[in-house]
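For reference, the structure is listed below as structure tokens.
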Amino acid sequence: MSQPFYSNGKVLITGEYAVLDGAKALALPTKYGQNLIVESGTRQSVVWKSYDHNHKIWFEDTFTFAAIAALQLSGNKDRDTLLTILHEAFAMNPTMKNEPGFEVATHLNFPRNWGLGTSSTLINNIAQWFGIDAYELLWKSFGGSGYDIASAQHNKPIVYQLQRAKPVICEVPFNPRFKNHLYFVYLNQKQSSKEAIAAYKQLPNKASLLSEINLITQAVLTVDDAHDFAALLESHEAIMAQILRLDPVKTRLFPDFRGSIKSLGAWGGDFVLVVAAHDPTAYFKAKGFDTVLRYQDMIL
């Protein structure tokens, strides 16, 4: 008997980086995600196959329960990441080691390099399979704020906040009437969340950051005009540019663009959010950025 599980991908509209320190962050679940199908197996092992959005296997391996328990790392990044997650999952639910074995297949419906939550959807699916807490599994295996786990579990926009190291999630009615002016553009490179988070944590002078970001997040939820929304995004971008000591993406890549552009998640890669009076697809394609998605095509 097969067991299917599914988790939503995510985009983070406000609160990137600052969410780690307790800022309120607006996160949206995407129409893209990942499923995981578990079948009964044999030989006290996990036979694993990962399929990309083109239905091609991009990773496969077999892990014995003994190797998982011993955390026998190999130096292969993809294998060791999965092994670490499985190691923590088995530790959190030891009864699973009494099973005869498992055959597992995962299927992405978006390109792996898009940065919409390849890891978070995997962790949430494994947590569902093992019947364990997905946030705990994330923090023990991968790290991060957990907003991506919340988006994996919710089918509506959420405001996510860490309070005393515990996730507080509130579904919000974010459905901007100006969404026809919103676009997501892929910057042709995947940014490492781990590396970006590590760099952010080393930065000083973040005392006033949380209150500024919280005010912007609250304002974004109630704004009803594209111009005002764009102004809030620009303020957010300027604040984070100063904190991170990096140039905003518009300054760096698109200085001649007529509209607003905001980095999402880990700066320097993945997607940006664009506010434009007219369809900007031709502009970005001329610059070499071919993946331009309308808001309604991306967000659940």
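The values are calculated or read from the model by the stated rules, or taken from the named source; none is laboratory data. All figures in this text were calculated on a predicted structure; none of them were measured in a lab. Cβ placement follows ideal geometry from the backbone for every residue including glycine, while neighbour counts extend to all protein chains displayed. Surface accessibility is based on the protein's heavy atoms, side chains included, excluding ligands, DNA and RNA. Shrake-Rupley method; radii C 1.70, N 1.55, O 1.52, S 1.80 Å.
Numbers at a glance
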quantity	calculated
Subset of Lys10/Lys287; Lys156/Lys250; Lys190/Lys250 violating a 20 Å alpha-carbon distance limit	Lys10/Lys287; Lys156/Lys250
Within region 108-143: backbone nitrogen closer than 16 Å to the Met1 label point (7 Å, Cα to C-beta)	129-131
Residues of region 142-260: accessible area per residue with a 1.4 Å probe, Å²	55
Three semi-axes of the equivalent ellipsoid, region 41-177, Cα gyration tensor, whole Å, largest first	28, 19, 13
Relative pair counts by distance (%), Cα atoms of region 1-81, 5 Å bins	3, 11, 14, 16, 16, 14, 13, 9, 3, 0
Projected area averaged over orientations for region 149-268, convex hull of C-alpha atoms, nm²	8.5
Read-out Cα Rg over 2.2 N^0.38 Å, derived from the coordinates shown; its label in (i) 1.03; (ii) 0.97; (iii) 1.17	(i)
Ellipticity estimate at 222 nm from DSSP helix runs (n ≥ 4, -39,500 (n - 2.57)) divided over the chain, nearest 500	-10500 deg cm²/dmol
Accessible-area composition of the chain, carbon plus sulfur, in percent [1.4 Å probe]	50
Full-extension gain in nm, Thr64 to Cys170, via 0.36 nm per residue minus C-alpha separation	34.2 nm
Charged-residue dipole, Cβ positions (Lys, Arg, Asp, Glu), the chain about Cα centre, Debye nearest 20	200
Cα gyration tensor shape of region 102-178, rounded if a/c is under 1.5, else prolate or oblate by comparing a/b with b/c	oblate
Of all DSSP beta bridges in the chain, antiparallel share, percent nearest 5	90
Loop sites in region 255-298: chymotrypsin sites (Phe, Trp or Tyr not before Pro), DSSP, at most 16 other Cβ within 10 Å	Phe257
